[in-house]
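Here's the structure we're looking at; comments come further down.
Just so it is clear, none of the values below were taken in a lab; they were calculated from the coordinates. Not measured: the values here are computed from a predicted model. We place every Cβ from the backbone using ideal geometry, glycine too, and count neighbours over all the protein chains shown.
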Amino acid sequence: MNIVTPEIGLIFWQVVIFLIVVLLLRAYAWKPILSSLKERESSIEGALRMADQAKLEMQQLQAGNEKLLAEARMERDRILKEATTMSNQFIEQAKTKATEEGARMIEQAREAIRNEKNAALAEVKNTAAQLSIDIAERILRRELTDQPAQQQLVDSYLKEVKLN
Amino acid sequence: MKRLLFALFCLLSLTARASEPVATTADATESENFNPGEMILHHIGDSHEWHWFTLGETHVTTYLPVIAYRAGSGLSVFSSHELAEGKVHEGLKLEHEHLVSTDGAKVYDFSITKNVATLMIASALLLIVFISVARGYAKRGTAAPRGMQSFFEPLIIFIRDEVAKKSIGPKYERYMPYLLTVFFFIWFSNLLGLLPGGANLTGNIAVTLTLAAITLLITLFSSNKNYWAHIFATPGVPKPLLFIMIPVELIGVVVKPFSLMVRLFANITAGHIVTLSFISLIFIFRNIGIAPISIAFGLFIFFLELLVAILQAYIFTLLTAMYIGGAVEDHHDADYQIGGGDGAAPAQAH
């Protein structure tokens with residue numbers, strides 16, 4: 001029975017010492033330990049949340065970058081296309097202008113040639129007429145020295161007038 | 001390193017225990033027969049002096065102070081050396097480690113016995129260890145734990161998350177100091193009891209009685225109206241049956257801490273008795289050949305006791321937390337298995 005009979009002395013000391021230990025440990029050990037643990041856990045949680053947020057932000061940033069890049073690419077394509085069209089237009093215009101200019105110049109040249117030709121022809125004609133008149137004058141001067149022949153010619157002319 | 005130390009303690013413990021009965025057998029061969037029952041009860045009981053070992057005829061003993069109060073003669077304080085070997089001092093003498101007065105007056109014995117001394121050592125150890133652990137937190141702040149801090153941190157977190165939060169619920173923080181202290185007190189005391197020459201502190205009914213009584217008081221003082229409603233008007237029980245249910249529930253209030261008391265006491269005492277019994281075998285058979293078997297079994301029981309030391313501390317803490325949890329619970333859903341099973345997130349609006 002001895003071992004199952006509690007002794008008053010040990011109960012007394014156990015109560016006193018144990019309660020002192022609980023109070024001392026609560027003040028100097030458990031409270032600082034538990035608050036440090038809580039603090040550490042919340043700081044770890046905060047760090048994790050911040051990392052997540054940073055990741056999200058990075059993703060958003062990356063998406064933004066990609067969008068910007070795509071926009072830039074589109075812009076470049078547009079500018080390139082515009083430039084090509086414009087240059088094509090320029091070339092086309094230049095070509096038409098050149099053709100027109102050439103045609104005009106050819107026309108002008110033709111005109112000049114024609115004028116020159118006409119002038120030349122007129123001169124040739126004049127010269128030919130002058131020559132024939134000169135030749136005819138000289139022939140006439142020699143012929144008219146002879147009187148009967150002159151009478152004969154006048155007569156033939158008169159005959160011709162009569163017919164008209 | 002720690003394992004090596006434990007192994008060393010274990011070996012020392014066995015040799016120390018073995019050496020004590022050697023003297024007894026030496027005496028026994030001369031005068032009386034070896035009585036294992038008496039030897040074991042002497043070893044697991046309390047005593048007024050701390051007997052370490054006996055070499056031949058020299059007893060190596062630490063005499064502890066005797067503090068006794070008698071209604072007539074008041075307080076007497078003296079060394080237990082004065083009472084050694086049946087001597088009478090100030091009208092007091094020891095009868096089977098029990099302090100009695102020669103004139104038959106009632107003696108209130110408040111002596112610093114072997115168990116009280118062990119209690120003081122365990123308490124000092126707790127204070128030194130955990131205040132230095134707390135200092136580690138103060139020094140390192142939220143950085144990773146080191147040394148002793150990292151050894152105890154998982155245990156503290158385990159008690160907080162797996163025991164207190166799950167059993168008590170959102171109000172767990174108030175009870176953390178008691179739960180942590182009781183866990184580490186029982187564990188340290190159990191380990192001290194396993195050291196060679198160590199006292200059987202947690203295997204003493206007075207110690208477990210006190211711890212269980214503190215648990216009961218905390219439970220009663222933190223109980224809310226649901227707790228009492230459950231006792232005096234158990235939900236779902238017809239009115240006439242309450243005449244039976246109320247006494248049963250009231251007995252339950254006392255039986256819970258009573259089971260705590262008996263469980264710890266019986267487990268630790270049983271371990272000590274089994275170890276001592278295996279050692280006693282050598283002296284019962286009076287044959288050195290039995291020693292290897294005794295030591296092998298003793299070693300096995302010792303390692304088992306190392307496990308039991310922390311297991312019983314855990315069980316005591318867990319049950320304490322569950323009793324407190326039952327007293328502070330806001331609703332009774334858990335009783336009907338309707339949710340509330342997870343103590344970490346209970347008592348939400350229903």
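Under the √(5λ) rule applied to the eigenvalues of the Cα gyration tensor, what semi-axes describe the equivalent ellipsoid of segment B:129-191? Give them in Å, descending.
Semi-axes (√(5λ), whole Å): 21, 16, 10.
For segment A:41-127, compute Rh as the Kirkwood radius over C-alpha pairs and then the Stokes-Einstein diffusion coefficient at 10 °C and 1.306 mPa s; write the answer in µm²/s, rounded to an integer.
D, rounded to a whole number, is 78 µm²/s.
Test of understanding: express the Cα radius of gyration of segment B:67-109 as a ratio to 2.2 N^0.38 Å, with N the residue count.
This ratio for segment B:67-109 stands at 1.01.
Normalised by the number of residues in chain B, what is the relative contact order in percent for Cα pairs under 8 Å and 6+ residues apart?
This gives 21 percent for chain B.
Work from the charge dipole of chain B (Cβ charges, +1 for Lys and Arg, -1 for Asp and Glu, about the Cα centre) and give the residue of B:VAL248, B:VAL60, B:TYR323 farthest towards its positive end.
B:TYR323
On average over all directions, what projected area in square nanometres does the protein assembly as shown have, based on the convex hull of its Cα atoms?
Quarter of the Cα hull surface area: 67.0 nm².
Quick one: which residues, 5+ away or cross-chain, put their amide H under 5 Å from the amide H of B:TRP52? H built at 1.01 Å from N.
B:VAL60, B:THR61, B:THR62
Which one, B:PHE302, A:ALA128, B:PHE130, projects farthest toward the positive side of the charge dipole computed for the protein assembly as shown from Cβ point charges (K/R +1, D/E -1)?
Sorting the options by dipole projection puts first A:ALA128.
Based on the alpha-carbon gyration tensor of chain A, what equivalent-ellipsoid semi-axes (square roots of 5 times the eigenvalues) come out, in whole Å, largest first?
146, 12, 8
Can you give the charge dipole size of segment B:89-161 about its Cα centre, rounded to the nearest 20 debye, using +1 on the beta carbon of Lys and Arg and -1 on the beta carbon of Asp and Glu?
Dipole magnitude for segment B:89-161 comes out near 640 debye.
P(r) for segment B:182-258, please, calculated from all Cα pair distances in 10 Å bins and given in %.
P(r) for segment B:182-258, in whole percents per bin: 17, 34, 22, 16, 9, 2.
Do the alpha carbons of any pairs in A:LYS38/A:LYS67; A:LYS55/B:LYS171; B:LYS114/B:LYS171; A:LYS97/A:LYS117; A:LYS117/A:LYS159; A:LYS38/B:LYS114 sit beyond 32 Å of each other, and which pairs?
Those over the limit are A:LYS38/A:LYS67; A:LYS55/B:LYS171; B:LYS114/B:LYS171; A:LYS117/A:LYS159; A:LYS38/B:LYS114.
What Kirkwood hydrodynamic radius, in Å, does segment B:198-306 give when the mean of 1/r is taken over all pairs of distinct Cα atoms and then inverted?
Here the Kirkwood hydrodynamic radius works out to 17.3 Å.
With just the Cα atoms defining each centre, how far is segment B:40-103 from segment A:72-97? Give it in Å.
So the two Cα centres are separated by 116 Å.
Kindly list the residues of segment A:104-131 that lie in the label zone of A:LEU140, defined by a backbone N under 15 Å from the point 7 Å along the Cα-to-C-beta vector.
A:129-131
Taking a cut-off of 13 Å, what percent of all Cα-Cα pairs in segment A:13-85 are separated by more than that?
79 percent
Through the Karplus equation 6.51 cos²θ - 1.76 cosθ + 1.60, θ set to phi - 60°, convert the phi angles of segment A:59-67 into ³J(HN,Hα) values in whole Hz; use x for Gly and Pro.
Using θ = phi - 60°, the values come out as 4, 4, 4, 4, 4, x, 4, 4, 4 Hz.
What is the helix-to-structure angle for B:114-140, meaning the angle in degrees between its Cα long axis and the longest Cα principal axis of chain B, kept from 0 to 90 and rounded to the nearest 10?
Value to nearest ten degrees: 50.
How far, in degrees from 0 to 90, does helix A:8-25 lean away from the longest principal axis of the Cα atoms of chain A, to the nearest 10?
Taking Cα atoms only, the helix is inclined about 20 degrees.
Could you tell me which of B:PHE110, B:THR181, B:HIS96 has its Cα farthest along the dipole of chain B towards the positive end, charges placed at Cβ (Lys, Arg +1; Asp, Glu -1), taken about the Cα centre?
Of B:PHE110, B:THR181, B:HIS96, it is B:THR181.
Does segment B:114-334 classify as rounded, prolate or oblate by the C-alpha gyration tensor (a ≥ b ≥ c root eigenvalues; a/c under 1.5 gives rounded; else a/b over b/c gives prolate, otherwise oblate)?
oblate
At 222 nm, what helix-only mean residue ellipticity would chain B give, in deg cm²/dmol to the nearest 500, using -39500 (n - 2.57) for each DSSP H run of four or more?
-20500 deg cm²/dmol
For the protein assembly as shown, give the magnitude of the charge dipole about the Cα centre (Cβ charges: +1 Lys/Arg, -1 Asp/Glu; no others), in debye to the nearest 20.
I would put it at about 1200 debye.
Using unit Cβ charges (K, R positive; D, E negative) and no other charged atoms, how large, in debye to the nearest 20, is the dipole of segment A:41-127 about its Cα centre?
680 debye
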